Structures are given as structure tokens and as C-alpha cells.
Amino acid sequence: MKKVLTAVGVTAGAASAVLLAPAALVAAGFTSAGIAASSVAAGMMSSAAIANGGGVAAGSLVAVLQSAGAAGLSAGMTAAVGSVGGVVGGVAGWFLGRDKKPPKPPSPPCFLSSEN
């Protein structure tokens, strides 16, 4: 049962991560029309611009997330998101499938017990 739950967790985690990533980007403010005002993305862009002397560096986290929000996830980003989701789901499935109680230690042989 443990292996089944782990496999289900990997599959569910990978699929849900890939399906929910675009919605999460939009919720954070990385939209196809640009960065939404007063959003988490706007705060990230402001911080990045201040840190870089007024502009957002190409290849930075903000630039990559905005690209994904505007054009969708590339094949490489989809693979990365799915892999991370699969690992998280697999760990969750493993935890759900493990035994709740640790096994009892074996009883000592009768010649070593204190009842004799």
C-alpha cells in the first residue's frame, strides 16, 4: 500500500503542479498584459529594480516569472514544475503510507527473561 500511495502522490503532485502553475502566476500578478498593479509581482519588480539600480535584470526571477505569465510555461519550465510537484507529492504519499506505530521490539528468549 505504501508504494501505491507514493506513486499516486507523485502522479497527483506532478499533474496538479503543472495545471496550477499558470493560475498561481496570475494570482501573484504575473499576467499576459504585464505585471498587475499592487500585486506581489509589483512588489517583487520594485525590489528587483531598486537592487539593480532602476531596472530588472534579464534572467532574474522576476523576468522569468513575467515571461511565464505572459507566454505560458516553456517545455523546460513545465518539466521543472512537474518534477518539483512530483517530489512533493511523492513525499506526501510516502508519509501517508507509512506505518503509524513503530514495530515492537522482539521479545527476549525465554531463558533470558526475568520470570525464571
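Laid out as a table, the results:
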item: Accessible surface, per residue, of the chain when the full set of protein chains is kept, probe 1.4 Å, Å²; result: 68
item: Using alpha-carbon coordinates, inclination of helix 40-51 to the longest axis of the chain, degrees; result: 70
item: Cβ charges +1 (Lys, Arg) and -1 (Asp, Glu), total dipole of the chain, debye; result: 360
item: Helical contribution to [θ] at 222 nm, DSSP H n ≥ 4, -39,500 (n - 2.57), averaged over the chain, rounded to 500; result: -21500 deg cm²/dmol
item: In degrees, nearest ten, helix 75-97 long axis to first principal axis of the chain (Cα); result: 30
item: The chain: radius of gyration over Cα atoms, expressed as a fraction of 2.2 N^0.38 Å; result: 1.80
item: Computed E for residue 99/residue 7 - FRET, C-beta separation, R0 30 angstrom, nearest 0.05; result: 0.95
item: Nearest-ten-degree value, helix 2-28 long axis tilted from longest Cα axis of the chain; result: 20
item: Rounded D (µm²/s) - the stretch 33-82, Kirkwood Rh over Cα pairs, Stokes-Einstein at 10 °C, 1.306 mPa s; result: 137
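The values are calculated or read from the model by the stated rules, or taken from the named source; none is laboratory data. Note that this is a predicted model, so its numbers are computed, not measured. Virtual Cβ from ideal backbone geometry, glycine too; neighbours counted across all protein chains shown. Only protein heavy atoms, including side chains, enter the accessible area calculation; ligands, DNA and RNA are left aside. Shrake-Rupley method; radii C 1.70, N 1.55, O 1.52, S 1.80 Å.
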